[in-house]
Amino acid sequence: MTSDASVDDYRYLESLVDLGISNASDTTDPGGSSCDAPPLPNPAHDKLIVTVGHGITQRTWFLQRALLVQNSDFFRSYLTSPATQPKADISLPNHDPGTFADLVSFMHSNIYSPNTVPAGYEEVRAHTRAYIMGRNLGVKRFWTTAMRSLHVLFEAASLMYGSNAGTSPINAADVAFACDETASTDSLRRLFFDAVASHWTSLEIFNIGQAIMRPNGIIDAGEGERWLEIYNEYVDFRMVLAASAHLRFEARKRCLKNVDQYLLERPLFDAFGDGDSVQSGNETNDIDQHQEAIHTSSWLGRRALPLLPRRGSFTRSWSRFQEDTQGVSAGGNDGASDHGSSGATGDEDVHMDDA
């Protein structure tokens, strides 16, 4: 009689389990012994509803929580926090659905392969979006791979004979997007700035903001104006261009550092060196002075930078730059006009053949 009762009790518990009513951890087996049963899986808690984007481009994914926790620092924190664990969904309106689809594919396969099918696909922008999303969601393997892909693309252009602004894969909108979507200390910005410096000629740097025609490419007036806006807005960009403006082609390609430097969590570059050494602590006084000189000078107009000697050591170039900017600061607008009127002499230092 007792045995029949135990069997009936067990079948009753099984029926509750099938209905998803009981999560009891202690059950009694037919032999009357106690055993610990695993918690019942709750389908509602196994997956997270992730909505990405907004408007007509918005897309929704039903993703395994374990997949997200394993790959993403952001989702790991979100899903393991007691305050958020019961939530069944999350919205990421400021991210690109196409890039998130690439990320989901990467988490499943560990293969980085942005989708090139969508209309208007641009390789630089696709890798940039991937880097930004990987950073924001804490998927390190994803953002480091995106960074390496950008570096490969930029390095190929910097090594091309005759490289210039017209042949560079980077346009002004790409730099603006990278700067708008990242913090001022993010290494993605420096990667773009160094790449531009390695692609452009001295003539193009000195004439930023104007339409420059080159044998292998054309920068139209509209694109030139957009570059000038970026130059005026971001001090670090001005610093990089100023430090590289006097370099010839063979030296200019070295403006783009080894990719490992850009992958550091907080990269500190030698702004005027070859990039082989990384500074520690705060920036040097020379960098501060150089930044201040560019920032306070009146050369933020059609001629973006004072002309630097084409040849000679950086020490002589830096001395010439200080003299120019100090003269401009002391003389105000009149100083800028006076120096500009003698620009023809300075222009003799710049030749078309450095491409």
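When only residues in segment 48-73 that are in a helix (DSSP H, G or I) and buried (at least 16 other Cβ atoms within 10 Å of the Cβ) count, which is nearest to the chain's Cα centre (by Cα)?
Looking at the filtered set, the residue picked out is Asn71.
Which ones in segment 104-149 are in contact with a Phe, Trp or Tyr (Cβ under 6 Å, 6 or more places away or on another chain) and in contact (Cβ under 8 Å) with a residue 24 or more places away in the chain? Give the derivation first.
Initial filter on segment 104-149 (in contact with a Phe, Trp or Tyr (Cβ under 6 Å, 6 or more places away or on another chain)): 106, 112, 131, 134-135, 137-138, 142-143, 145-147.
Passing the criteria: Phe106, Tyr112, Tyr131, Gly134, Arg135, Leu137, Gly138, Phe142, Thr145, Ala146, Met147.
Of the residues Glu233, Glu283, Glu181, Glu204, which is closer than 28 Å to Ile132 by Cβ and at pLDDT below 80?
Working: Glu233 fails: at pLDDT below 80; Glu181 fails: at pLDDT below 80; Glu204 fails: at pLDDT below 80.
Criteria check complete, one pass: Glu283.
Quickly run through segment 128-140 and pick out the residues that are under 23 Å from Phe62 (Cβ atoms) and surrounded by fewer than 20 Cβ atoms within 10 Å (Cβ to Cβ).
The first filter runs over segment 128-140 and keeps only residues under 23 Å from Phe62 (Cβ atoms), leaving 129-130, 133-134, 136-139.
Listed by number, the residues that qualify are Asn136, Gly138.
Could you tell me which numbered condition Arg125 fails, if it satisfies all but one of (1) surrounded by 20 or more Cβ atoms within 10 Å (Cβ to Cβ); (2) of a type outside the set (Val, Ile, Thr); (3) assigned by TED's automatic domain parsing to the domain that holds Thr99?
(1)
Quick check on my filter: what residues within segment 233-254 are in contact (Cβ under 8 Å) with a residue 12 or more places away in the chain, assigned to a helix (DSSP H, G or I) and over 20 Å from Ala183 (Cβ atoms)?
Matches in segment 233-254: Leu241, Ala242, Ala243, Ser244, Phe249, Arg252, Lys253, Arg254.
So, Ile170, is that one crowded, with 18+ Cβ neighbours inside 10 Å, outside any helix (DSSP H, G or I) and either at pLDDT 90 or above or basic (Lys, Arg) (or both) or not? Talk me through it step by step, then tell me what you get.
Details: crowded, with 18+ Cβ neighbours inside 10 Å: yes; outside any helix (DSSP H, G or I): yes; either at pLDDT 90 or above or basic (Lys, Arg) (or both): yes.
Yes: the conditions hold for Ile170.
Please go through segment 74-90 and pick out each residue that is within 23 Å of the chain's Cα centre (by Cα), over 16 Å from Phe106 (Cβ atoms) and not small (Gly, Ala, Ser). Outline the logic, then answer.
If we filter segment 74-90 for residues that are within 23 Å of the chain's Cα centre (by Cα), which is where we start, we get 74-77.
Keeping just the survivors that are over 16 Å from Phe106 (Cβ atoms) gives 76-77.
Scanning segment 74-90 gives a single hit, Arg76.
Within segment 187-200, how many residues are more than 12 Å from Lys253 (Cβ to Cβ) and among the polar types (S, T, N, Q)?
Taking segment 187-200 as the starting set, the residues that turn out to be more than 12 Å from Lys253 (Cβ to Cβ) are 187-193, 196.
Subset that is among the polar types (S, T, N, Q): 187.
The number of residues fulfilling the criteria is 1.
The values are calculated or read from the model by the stated rules, or taken from the named source; none is laboratory data. None of these values were measured; they are calculated from a predicted model. FYI the Cβ positions are ideal-geometry reconstructions off the backbone, even for glycines, and counts take in every protein chain you see.
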